[in-house]
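Working notes, beginning with the structure itself.
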Amino acid sequence: MMIAVTGSTGLIGTALVRSLRADGHQVVRLVRRPSRTGDEVEWDPLRQYVDARGLHGCEAVVHLAGAGIADRRWTEAYRKEIRDSRVLGTAAVAEAVATLDERPRVLVCGSAIGFYGDTGDHAVDEDTPPGDGFLPSLCVEWEEAARAAEEAGVRTVFARTGLVVSRAGGAWGRLFPIFRAGLGGRLGGGNQYWSFIALHDEVAALRHLLDTETLEGPVNLTAPQPVTNREVTAAMGRVLRRPTPFPVPSVALRAVLGELSQDVLGSQRVLPARLLESGFTFAFPTIDEAIRAA
């Protein structure tokens, strides 16, 4: 199968491309510069430009590109960059797909569990409406931007991904060195839920979305057993065999991270209802297993 991927150099994209190619699939990568090799297609998300000629023959498109949520403080300028990279980029990909004479059979668009906002200890699934705040409103716009592909009859799936457990990047990429040094601890009160997923399971779930014709619309990509930050801290200590004595007060997180601290201190107890109903099996369903896998 020929599959086009945006965000192919990111944490998830890199692992996905490696997995697809290992199984013999042909991967076309969308790059933000003139293409240099036969497996590259030029695009510019901010200009909403995609060289659609490079998508001919693709049976599937996986759209993962977007500015990092946790890369910087959320200044007004960076919030605009986060929004534009996702909304404009998704619209560009969806419109390019819709213009093709022979369209891909599926478009998998990255999204996030930020859609739900702070849910406290209340468990939510794909039928739950969006929450309030910057991330929920962003996710709503992000998913709506794919409308051109949906209206063109392309099966469109929104992969609402949780916190990916990996040494290579994301939240856990920052946590591992701290905990290995014996300096880890709970964040804030520690009672906030973290809905995680092992990188291996994230890639497997994305491939499941590509292959499962009955899946469309939002699908939560999170492990079936969300845990609190306090439980994450204990698991990191167990797996890495390090003490976890240094809690980080909420006020300190707010001072350092600004508005981004809401994402760290907020609670999201998200369940992968549609993924499980479709027959997906997690290789690393518990937090200890996910950390060991990483």
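The values are calculated or read from the model by the stated rules, or taken from the named source; none is laboratory data. Computed from a predicted structure; not experimentally measured. Don't worry about glycine lacking a Cβ; one is built from the backbone with ideal geometry, like all the others, and counts go over all protein chains shown. Heads up: the accessible areas ignore ligands, DNA and RNA and are worked out on the full protein's heavy atoms, side chains in. Shrake-Rupley method; radii C 1.70, N 1.55, O 1.52, S 1.80 Å.
Odds and ends about this structure:
- Checked against (1) surrounded by 15 or more Cβ atoms within 10 Å (Cβ to Cβ); (2) assigned to a helix (DSSP H, G or I); (3) at pLDDT 95 or above, residue 276 meets all criteria but (1).
The rows are residues; the columns are (1) of a type outside the set (A, V, I, L, M, F, W, C); (2) within 16 Å of residue 290 (Cα to Cα); (3) without any contact (Cβ under 8 Å) to a residue 60 or more places away in the chain.
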{"position": "167", "(1), (2), (3)": "yes, yes, no"}
{"position": "170", "(1), (2), (3)": "yes, yes, no"}
{"position": "183", "(1), (2), (3)": "no, no, no"}
{"position": "205", "(1), (2), (3)": "no, yes, no"}
{"position": "225", "(1), (2), (3)": "yes, yes, no"}
{"position": "234", "(1), (2), (3)": "no, yes, yes"}
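- Note on the stretch 99-124: residues that are touching a Pro at 6+ places or on another chain (Cβ under 8 Å) and surrounded by fewer than 21 Cβ atoms within 10 Å (Cβ to Cβ) total 1.
- Flag if residue 15 is among the small types (Gly, Ala, Ser), out of contact with any His (no Cβ under 6 Å at 6 or more places or on another chain) and in a strand (DSSP E or B): no
- If the condition is being outside any strand (DSSP E or B) and either open to solvent by less than 80 Å² (accessible area, probe 1.4 Å) or touching an Asp or Glu at 6+ places or on another chain (Cβ under 7 Å) (or both), then the stretch 35-47 contributes 35, 37, 39, 45, 46.
- Applying a threshold of 6 Å to beta carbon distances and a minimum spacing of six or more residues, or different chains, the list of pairs starting in the stretch 274-285 at a residue that is of a type in the set (Lys, Arg) and ending at one that is surrounded by 13 or more Cβ atoms within 10 Å (Cβ to Cβ) reads 274/126; 274/219.
- Helices (runs of 4 or more DSSP H) enclosed by the stretch 131-242 - at least 3 residues per element that are open to solvent by less than 50 Å² (accessible area, probe 1.4 Å) and either touching a Cys at 6+ places or on another chain (Cβ under 8 Å) or among the β-branched types (Val, Ile, Thr) (or both): 134-144, 229-240
- Pick from the stretch 18-34, criterion over 17 Å from residue 86 (Cβ atoms) and in a loop (DSSP other than H, G, I, E, B), ranking: least open to solvent (accessible area, probe 1.4 Å): 25
- Complete set of residues in the stretch 57-98 that are farther than 21 Å from residue 9 by Cβ, modelled with pLDDT under 95 and open to solvent by 80 Å² or more (accessible area, probe 1.4 Å): 73, 76, 80
- Every condition in (1) assigned to a helix (DSSP H, G or I); (2) within 30 Å of residue 156 (Cβ to Cβ); (3) at pLDDT 95 or above is met by residue 262 except one, and the failing one is (3).
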